[in-house]
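**Q** Below is one structure. I have some questions about it.
The values are calculated or read from the model by the stated rules, or taken from the named source; none is laboratory data. Predicted model only: the values in this text are computed from it and were never measured. Positions of Cβ are backbone-derived with ideal geometry, glycine not excepted, and every protein chain shown enters the neighbour counts.
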Amino acid sequence: MAAAAITTHPLPLPPSADPSYFHTFGTEVRGLDPGNLTPSQFKLVEDLLYKHSALLFRNADLSPEQQYTLTKAFDPSSESYGHGNNKTGGEKKSILHPDLKTIPRQPQVQLIGNGLVPEHEGLVNAQLKHPHHRTFHKTVVPPEDDLKYTRFYRWHIDAALYDLSPPKVTTLYALAVPQGEAQVCRYDDGTGDELPVPLGTTAFVSGKTMFDLLPPEMKSVAVRTTVKYAPHPYVWMAPAHALSTGLGLETEGLELPLNELPQWEEGKVKFLPMLWKNPVTGNLHFEVHPCGIQELLIAPLPKGASRDNDGASYPSGAHLTELKDVRDLVYKMQRPAIAPALVYPHDWNEKDLVIFHNRGVLHSVVGAFAEGQVRMFHQCNLAASDDPAGPSEEDIRKYA
């Protein structure tokens with residue numbers, strides 16, 4: 001019997017999405033079993049991922065062991081879960097603490113979702129908690145509108161952002177998807193922006209589009225900037241409040257003082273480029289976790305670049321240390337790319353597997369669940385064997 005043909009198909013874009021921004025972003029792959037890929041099939045999947053940023057497989061059968069093996073194949077020397085094995089669960093102050101339950105026999109795979117799960121893969125009576133914006137945002141959707149309207153909880157990259165390197169890929173596998181009415185995601189930032197979303201969606205935006213949208217003077221800043229993240233950023237940010245768009249934090253002085261954080265070392269603080277270079281396409285992706293940023297280091301314009309009347313910001317470079325200045329600049333650069341027409345909100349079905357290039361997209365939890373609605377997903381990402389590459393000298397000359 002002949003093997004099924006391997007084909008790719010555009011993602012099912014919602015009416016809100018502008019197709020012109022999704023020519024290369026996302027693709028559905030058919031004719032492959034992602035839990036049992038041959039080496040040549042894996043190379044095809046890897047190539048597709050770096051070219052499209054997100055891959056969808058429908059009706060996948062995937063054990064925790066297979067999901068770990070698949071995730072690890074993208075970075076064979078990686079081993080630890082992206083936030084450190086069991087470290088997040090043991091650190092009660094971390095904002096991630098309630099969201100993750102580790103699969104005992106495969107600790108790199110996490111059970112996430114909502115509701116009580118009596119028994120699953122060695123876990124008993126696991127109480128899952130879908131993150132809700134009222135626990136993190138400064139302002140909230142009124143209770144009477146809670147199940148009709150929702151918000152982006154937190155736009156982010158899956159990464160510890162301290163000590164460990166950001167994972168190259170994340171795999172998300174849907175085991176139980178609650179059925180219910182669609183919701184409207186409100187931005188509540190004065191723009192009037194809203195986005196219809198399926199219940200319990202995961203929202204994605206392209207880091208490449210985020211960079212491509214920038215005006216030339218902001219591209220010049222992005223290509224020259226290094227981001228310094230706070231030590232133990234999820235503990236540091238836990239007392240703070242997020243903006244209504246989920247795109248970073250309000251500056252209220254609520255972050256945990258550095259001397260009250262778990263023990264940390266200066267040498268493990270992460271300095272990462274603002275732009276991460278795609279290893280296959282060479283494209284630059286704007287990849288900043290806006291909640292974890294602490295400082296920005298902007299290099300001066302390169303030798304030979306005109307400093308006169310070209311509109312370049314920070315021509316002599318800068319070191320921004322005031323949180324409000326840092327956040328305001330990053331927000332100004334990132335906000336255009338989360339406009340409703342640029343967001344892909346995936347409408348999950350059971351046994352959907354989404355593999356996304358964690359160094360090429362930002363994503364957010366969205367949605368609010370009624371009591372009794374159970375959502376179960378397996379999530380896996382692995383701290384990478386290296387930090388992401390930034391812009392090349394040629395990129396800097398081109399854009400700076």
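**Q** Being over 17 Å from P391 (Cβ atoms) and crowded, with 23+ Cβ neighbours inside 10 Å is the filter here; which residues of the range 210-236 pass it?
**A** A230, H232, P233, V235, W236
**Q** While we're looking at this one, here's another question. Hey, among the residues in the range 349-386 that are touching a Lys or Arg at 6+ places or on another chain (Cβ under 8 Å), outside any strand (DSSP E or B) and not small (G, A, S), which one's surrounded by the most Cβ atoms within 10 Å (Cβ to Cβ)?
**A** Applying the filter and picking the extreme gives N358.
**Q** Now, a different point. Residues to consider are E322, E287; find the one that is acidic (D, E) and either assigned by TED's automatic domain parsing to the domain that holds F136 or under 18 Å from the mean Cα position of the chain (by Cα) (or both).
**A** Details: E322 fails: either assigned by TED's automatic domain parsing to the domain that holds F136 or under 18 Å from the mean Cα position of the chain (by Cα) (or both).
That would be E287, the only listed residue that is acidic (D, E) and either assigned by TED's automatic domain parsing to the domain that holds F136 or under 18 Å from the mean Cα position of the chain (by Cα) (or both).
**Q** Is it the case that some residue within the range 149-158 is buried (at least 17 other Cβ atoms within 10 Å of the Cβ), modelled with pLDDT under 95, among the acidic types (D, E) and within 21 Å of the chain's Cα centre (by Cα)?
**A** The answer is no, given that none of the residues of the range 149-158 is buried (at least 17 other Cβ atoms within 10 Å of the Cβ), modelled with pLDDT under 95, among the acidic types (D, E) and within 21 Å of the chain's Cα centre (by Cα).
**Q** Still on this model: Could you list, in sequence order, all residues of the range 269-310 that are modelled with pLDDT under 95 and over 17 Å from I396 (Cβ atoms)?
**A** Looking only at the range 269-310, we keep the residues that are modelled with pLDDT under 95, and these are 302-310.
Result: D308, N309.
Here's the yes/no breakdown for (1) under 23 Å from E250 (Cβ atoms); (2) within 19 Å of the chain's Cα centre (by Cα):
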position	(1), (2)
L301	no, no
G304	no, no
V326	yes, no
R335	yes, yes
Y344	no, yes
H357	no, yes
H363	yes, yes
A400	no, no
